[in-house]
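Colleague: Please read through the structure below; I'll follow up with questions.
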Amino acid sequence: MSKIINAIIIGLFGVVCFSAGIYYSTTEFEEQVNVWDSNYQIITDKVYSFEKVSDPKTIRLYVNELNKLLDDMNRLGNIIDGGDELEIVLTNYEKEYGRLKNKVSDVLDEFELVEKKLINHDITLSDFTDVNMEKIDELKRKIEQQRQYTADVKVSLEAKVKDIESDVIIIKDSKYGKKIWKIKK
């Protein structure tokens, strides 16, 4: 009997070892399958991302968005350049105005000097008239030129301001402009 019990115990021990080996192998295999599955999922995601990015429709969409962004940047550059041009025009206008102001001041000073000479009888009225009529005519021409220049500058400035206003409206209405103005609010 003891041989039968030993045989049964050895058989049971063999079955338990075999079952434990099968269980261990199955567990290890499942872990390896999980590793393969996660690697497969990563590769699948990358392939899907590549397919999505390489899709001609997606590329066209990105190119269109980039073109819109470049157009907005060009408009902003034009606005900045236009502002620089406006500043140059205004600076030149201020210089010209200063020169004309100085000339008028010089003429007024001369009139005061001549007036004193007339009062003191150092000069005759006809001498004064002959000399200063030329200066008055020249001053009139300069003032008329300055008026024309001022009118031209005004028209130019108005046109540039209208261009800038329209560019700003276009930029505000663009996709990126809406984001920029949304952030500023």
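Colleague: I'm checking my understanding of the structure. Among residues of segment 149-174 that are within 22 Å of residue 69 (Cα to Cα) and of a type in the set (Gly, Ala, Ser), which one is modelled with the highest pLDDT?
Modeller: For segment 149-174, the residue satisfying everything is 166.
Colleague: May I pose another question? Pairs only if they're at least six apart or on different chains, beta carbon under 8 angstrom, first in segment 53-70 and under 12 Å from residue 174 (Cβ atoms), second among the hydroxyl-bearing types (Ser, Thr, Tyr) and modelled with pLDDT of 75 or more; list them, first residue then second.
Modeller: Partner pairs satisfying both residue conditions: 68/174.
Colleague: Another one. Taking residue 35, is it in a helix (DSSP H, G or I), among the β-branched types (Val, Ile, Thr) and at pLDDT below 75?
Modeller: It is false that residue 35 is in a helix (DSSP H, G or I), among the β-branched types (Val, Ile, Thr) and at pLDDT below 75.
Colleague: Here is a further query. Condition check: surrounded by 10 or more Cβ atoms within 10 Å (Cβ to Cβ), at negative phi, over 54 Å from the mean Cα position of the chain (by Cα) and not hydrophobic (A, V, I, L, M, F, W, C). Does residue 48 satisfy that?
Modeller: No, not satisfied.
Colleague: Could you pull out the residue among 13, 18, 29 that is in a helix (DSSP H, G or I) and within 60 Å of the chain's Cα centre (by Cα)?
Modeller: Only one candidate passes the filter, namely 29.
Colleague: Going through segment 95-114 one residue at a time, which ones are surrounded by 12 or more Cβ atoms within 10 Å (Cβ to Cβ) and of a type in the set (Asp, Glu)?
Modeller: Answer for segment 95-114, where residues must be surrounded by 12 or more Cβ atoms within 10 Å (Cβ to Cβ) and of a type in the set (Asp, Glu): 96, 106, 110.
The values are calculated or read from the model by the stated rules, or taken from the named source; none is laboratory data. Only a predicted model underlies this, so the values are computations on that prediction, with no experimental measurement involved. No Cβ is skipped: glycine too gets one built from the backbone with ideal geometry, and neighbour counts run over all protein chains shown.
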